[in-house]
Amino acid sequence: MDGQDERPNEQKTGPFPLRESDGSALDYDTVEQSQSLALALALASAANDVKAVDIAVLDVSKVVSWTRYMVLATAFSKPQVDAAVGKMIAAAEAPPLGRSLAHTPDISSWVCLDFGDVMAHCFTPGDCAFYDLAGLYAKADKVPLPFESQKGA
């Protein structure tokens with residue numbers, strides 16, 4: 001493959017269009033892979049800030065056609081899920097990312113944030129084990145997390 005994304009436009013944004021923080025729509029083709037990765041890593045770092053565990057960023061671009069990166073994080077209670085989701089949304093909206101959601105999710109034991117090119121899932125251990133998204137996307141490439149190297153130091 002020559003690096004060009006050959007998916008039809010209607011398959012590139014998932015159920016919600018990509019959005020700038022001012023609410024204006026983004027064209028999937030104008031969002032560089034590096035911007036998607038920066039968003040995914042910022043979301044993972046935000047989850048880490050509230051002590052979520054089992055945080056993973058998966059490059060699913062070769063596995064699915066509807067998103068580039070998947071962020072997975074486990075929180076131990078609904079209030080911790082709420083805190084992680086709040087931090088993740090704030091991280092996405094902050095400069096230089098300047099991204100926002102097309103909808104505001106309800107807080108439950110599993111919350112999915114859909115940024116189009118990046119999906120973030122934060123769930124409690126029971127939902128994490130039951131739905132096993134890490135297993136479902138086991139063929140995806142795992143992205144190294146900067147804060148993981150700091151834990152071992």
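Each value in this text was obtained by applying a stated rule to the coordinates, not by laboratory testing. The structure displayed is predicted, hence computed values, not measured ones. Using ideal geometry, Cβ is built from the backbone for each residue, glycine included, and neighbour counts are taken over all protein chains shown.
Things to note:
- Ranked by how many other Cβ atoms sit within 10 Å of their own Cβ, fewest first, the residues 110, 66 fall in the order 66, 110.
- Calculated from backbone phi, Karplus (6.51, -1.76, 1.60) coupling profile of region 100-111 in Hz, x at Gly/Pro: 9, 7, 7, 8, 9, x, 7, 7, 9, 7, 8, 10
- Pairwise FRET efficiency - residue 106 versus residue 148, Cβ, R0 = 35 Å, nearest 0.05: 0.70
- Exposure proxy ranking, count of Cβ atoms within 10 Å, fewest first, for 70, 88: 70, 88
- For region 13-145, a crude dipole built from +1 on the beta carbon of Lys and Arg and -1 on the beta carbon of Asp and Glu, taken about the Cα centre, is about 300 debye to the nearest 20.
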